[in-house]
Amino acid sequence: MKPIQMVDLVGQYHHIRSEVDAALVGVLGSAMFIGGPEVKEFEKELAAYNGSKHVIACANGTDALQIAMMALDLKPGDEVITASFTFVATVEVVGLLGITPVFADVLPGTFNLDPADIERKITPRTKAIVPVHLFGQVADMEPIMAIARKHGLYVIEDNAQAIGATYTFLDGSTRKSGAIGHIATTSFFPSKNLGCYGDGGALFTNDDELARKVRRVCNHGSEVRYYHEVVGVNSRLDAIQAAVLRIKLRHLDEYNAARNKAAAFYDAAFAGIEGLRVPERSAHSTHVFHQYTLRVLPAAGMVTGGRRDGLKQHLEAHGVPAMIYYPVSCHLQNAYKSDRAPEGSLPVTEGLTREVLSLPMSTELDNEQLTHITNTVKSFFTQQ
Ligand SMILES: *Cc1c(COP(=O)(O)O)cnc(C)c1O
């Protein structure tokens, strides 16, 4: 059996090696390393794929979030509502800009923001909502957009984990993740569903004026060289990364299908295991399985989290890596603790940090590996 990794990027590269190598040699020969035609073409191709009018590439997904908030002119004192059960990037840029993060709880099934709790957290200072499409499913955008309209708020989709997922509205119409809010961001970190071979990120919007502001913020606040209209940043995508991304974008749907196939294998193997919950499928979103995340429910008489941690150790002892995304929620991190969201104030989020466990997930898992992983999980529950 091939050794099992959380993500197998070497295996994936081997399938596209000749295409990638040729494209990289092309960039080297052109000596256009920053911006240039590869980046322009990639932006156009990604916009067409996603059904978004504008795509603006930048240096990484964290920058993309910061640039979105700068382009929307969010200021110190403004409040932004987001999830605490997520990667720290959103909260970090909110903090850097002097904006106040306000955390809403998530739904225990999909791990995505609970629209009812968003509405409870709105104050006169609230300016924006940042739904994070966690682990590969789109947050429930229809009610979130309705809340935003009612209160005059911006919606910034953090689409770093769900690129390629589709959301279905009540009237049956569909949109891709990242094409629903006023603006959206994504990351091309190598292990993301659409990953490059270094750092990369992008912003999406259908609003011409906002797209112009985003380009200006990315480029030192400047539209005409050496004239600076606003405070900006330097955030741009390398041509080498764009060349890789153009190739991988053509495979994205096939990659997401391979992830779904592995997820279906897991689901079937785990059906009926007492104390284990397979990831719930949202009623309104397809799943692209950035992560396959189990909930290990607490066992009677064991400390909370004990059975989850025991399963993780058991897997690792049998050559199966497993990860906890995320062991500490943002509102309990030392950097972001505040009286406004003390321990106990986000019960679903806090419970999930003690229950979740993500299994290996990539485009390259074969049946032999999947069988070993699922048998190892099952043996943990039968030995108890
Ligand atoms: C990866 C990720 C980011 C940050 O992207 P980088 O490219 O690593 O800066 C932001 N938000 C979420 C939800 C992510 O998963």
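The values are calculated or read from the model by the stated rules, or taken from the named source; none is laboratory data. Keep in mind the model is a prediction, meaning the values are calculated, not measured. All Cβ positions, glycine included, derive from the backbone under ideal geometry; neighbour counts span all protein chains shown.
For residue 295, the conditions (1) touching a Ser or Thr at 6+ places or on another chain (Cβ under 7 Å); (2) crowded, with 16+ Cβ neighbours inside 10 Å all hold with the exception of (1).
Residue check: residue 171 meets all listed conditions (1) surrounded by fewer than 19 Cβ atoms within 10 Å (Cβ to Cβ); (2) closer than 25 Å to residue 331 by Cα; (3) more than 10 Å from the ligand (Cβ to nearest atom) but one, namely (2).
Return the only residue of 169, 189 being assigned by TED's automatic domain parsing to the domain that holds residue 86, on the phi < 0 side of the Ramachandran plot and in contact with an Asp or Glu (Cβ under 6 Å, 6 or more places away or on another chain). Checking each option against the conditions leaves just 169.
The residue list 194, 203 contains one member that is under 17 Å from residue 90 (Cα atoms), crowded, with 19+ Cβ neighbours inside 10 Å and modelled with pLDDT of 95 or more, which is 203.
Among the conditions (1) within 30 Å of residue 21 (Cα to Cα); (2) modelled with pLDDT under 95, residue 248 misses just one, which is (2). Within region 161-191, restricting attention to residues that are among the aromatic types (Phe, Trp, Tyr) and in a loop (DSSP other than H, G, I, E, B), the residue that is farthest from the chain's Cα centre (by Cα) is 169. All of 39, 106, 25, 55 fail the test of being under 30 Å from residue 280 (Cβ atoms) and either among the hydrophobic types (A, V, I, L, M, F, W, C) or out of contact with any helix residue (DSSP H, G or I) (no Cβ under 9 Å at 6 or more places or on another chain) (or both), apart from 106.
Okay, residues lined up against (1) aliphatic (A, V, I, L, M); (2) surrounded by fewer than 22 Cβ atoms within 10 Å (Cβ to Cβ):
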position: 36; (1), (2): no, yes
position: 42; (1), (2): no, no
position: 46; (1), (2): yes, no
position: 50; (1), (2): no, no
position: 55; (1), (2): yes, no
position: 63; (1), (2): no, no
position: 67; (1), (2): yes, no
position: 71; (1), (2): yes, no
position: 77; (1), (2): no, yes
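When every residue of region 205-212 is checked against the conditions, none turns out to be within 16 Å of the ligand (Cβ to nearest atom) and β-branched (Val, Ile, Thr). For region 311-345, the set of residues classified as surrounded by 16 or more Cβ atoms within 10 Å (Cβ to Cβ) and not hydrophobic (A, V, I, L, M, F, W, C) consists of 312, 314, 321, 325, 326, 329, 331, 336, listed by residue number. Exactly one residue among 222, 191, 187 is of a type in the set (Ser, Thr, Tyr), more than 16 Å from the ligand (Cβ to nearest atom) and farther than 22 Å from residue 108 by Cα, and that residue is 222.
Looking at (1) over 26 Å from residue 132 (Cβ atoms); (2) modelled with pLDDT of 95 or more, which one does residue 308 not meet, given that it meets all the others? For residue 308, the failing item is (1). Taken over region 263-309, the residue count meeting the criterion of being small (Gly, Ala, Ser), in a loop (DSSP other than H, G, I, E, B) and free of Cβ contacts under 8 Å to residues at least 40 places away in the same chain is 5. Scanning region 1-49 for residues that are under 26 Å from residue 204 (Cα atoms) and either touching a Cys at 6+ places or on another chain (Cβ under 8 Å) or of a type in the set (Asp, Glu) (or both) gives 38, 41, 43, 45. In summary, helices (runs of 4 or more DSSP H) completely within region 1-95 and bearing 1 or more residues that are in contact with a Pro (Cβ under 8 Å, 6 or more places away or on another chain) occur at 9-30. Beta carbons closer than 6 Å, at least 6 apart along the sequence or on distinct chains, pair a first residue in region 74-87 that is over 12 Å from residue 118 (Cβ atoms) with a second that is part of a strand (DSSP E or B) and among the charged types (D, E, K, R) for 74/127; 78/127. Any residue at all in region 130-144 that's more than 15 Å from the ligand (Cβ to nearest atom), assigned to a strand (DSSP E or B) and closer than 23 Å to residue 289 by Cα? No, region 130-144 contains no residue that is more than 15 Å from the ligand (Cβ to nearest atom), assigned to a strand (DSSP E or B) and closer than 23 Å to residue 289 by Cα.
Taking the criterion of being in a strand (DSSP E or B) and either crowded, with 19+ Cβ neighbours inside 10 Å or touching a Gly at 6+ places or on another chain (Cβ under 9 Å) (or both), would at least one residue in region 241-262 satisfy it? No, region 241-262 has no match at all. The set of residues in region 310-368 being of a type in the set (Lys, Arg) and in a helix (DSSP H, G or I) consists of 312 alone. Here region 79-93 is the region considered, the condition is being touching a Cys at 6+ places or on another chain (Cβ under 7 Å) and within 19 Å of residue 190 (Cα to Cα), and the residue that is surrounded by the fewest Cβ atoms within 10 Å (Cβ to Cβ) is 88. State all residues of region 95-125 that are within 23 Å of residue 137 (Cβ to Cβ) and within 16 Å of the ligand (Cβ to nearest atom); if no residue qualifies, say none. Correct list: 101, 103, 104, 106, 110, 111, 112, 113.
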